[in-house]
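*Asks:* Below is one structure. I have some questions about it.
The values are calculated or read from the model by the stated rules, or taken from the named source; none is laboratory data. None of the values given here were measured: they were computed from a predicted structure. Here the Cβ positions follow ideal geometry from the backbone for every residue, glycine too, while neighbour counts run over all protein chains shown. These area figures cover heavy atoms from the full protein model, side chains too; ligands, DNA and RNA do not enter into them. Shrake-Rupley method; radii C 1.70, N 1.55, O 1.52, S 1.80 Å.
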Amino acid sequence: CAPLDQEYNHLKMESTGINRQVYSGNLLKSMKTRLQHQLDTICDGDENTTKFDYHRAISATKISQLEDAYLGPVYGFDSYLDYYRKTSSIFFLDGIAVPTLIVNA
């Protein structure tokens, strides 16, 4: 699925309703599992690593909180909003010179 506008998606996923209850919770759980794997692999299991804020990330109750504590520092983004804005393809669509079909499922 192409991340067209991650900031918009974030707002929809964190609003009340089925998305937050089902999808966001499951995604956050799988992200925390991946986070633990990364800690064990990259940081030798050191929960006090300086590469990212492990304790803040693992205690996150929202995806954006985990992304702010983990993805931002690890991949060089200032915040989760900076990450969303720099990785959303919607800002690059006007640079495509040929007809393009984007399929999202």
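*Asks:* Taking region 67-105, which residues are open to solvent by 60 Å² or more (accessible area, probe 1.4 Å), β-branched (Val, Ile, Thr) and within 18 Å of Glu7 (Cα to Cα)?
*Replies:* Ile90
*Asks:* Which numbered condition trips up Leu35, out of (1) farther than 23 Å from Ile90 by Cβ; (2) out of contact with any Leu (no Cβ under 8 Å at 6 or more places or on another chain); (3) hydrophobic (A, V, I, L, M, F, W, C)?
*Replies:* Looking at each condition in turn, Leu35 falls short on (2).
*Asks:* Continuing with the same structure: For region 52-75, what are the residues that are within 13 Å of the chain's Cα centre (by Cα) and among the small types (Gly, Ala, Ser)?
*Replies:* Of everything in region 52-75, those that are within 13 Å of the chain's Cα centre (by Cα) and among the small types (Gly, Ala, Ser) turn out to be Ala57, Ala60, Ser64, Ala69, Gly72.
*Asks:* Which residue is surrounded by the fewest Cβ atoms within 10 Å (Cβ to Cβ), if the candidates are limited to region 40-65 and must be at pLDDT 95 or above and aliphatic (A, V, I, L, M)?
*Replies:* Looking at residues that are at pLDDT 95 or above and aliphatic (A, V, I, L, M), I get Ile58.
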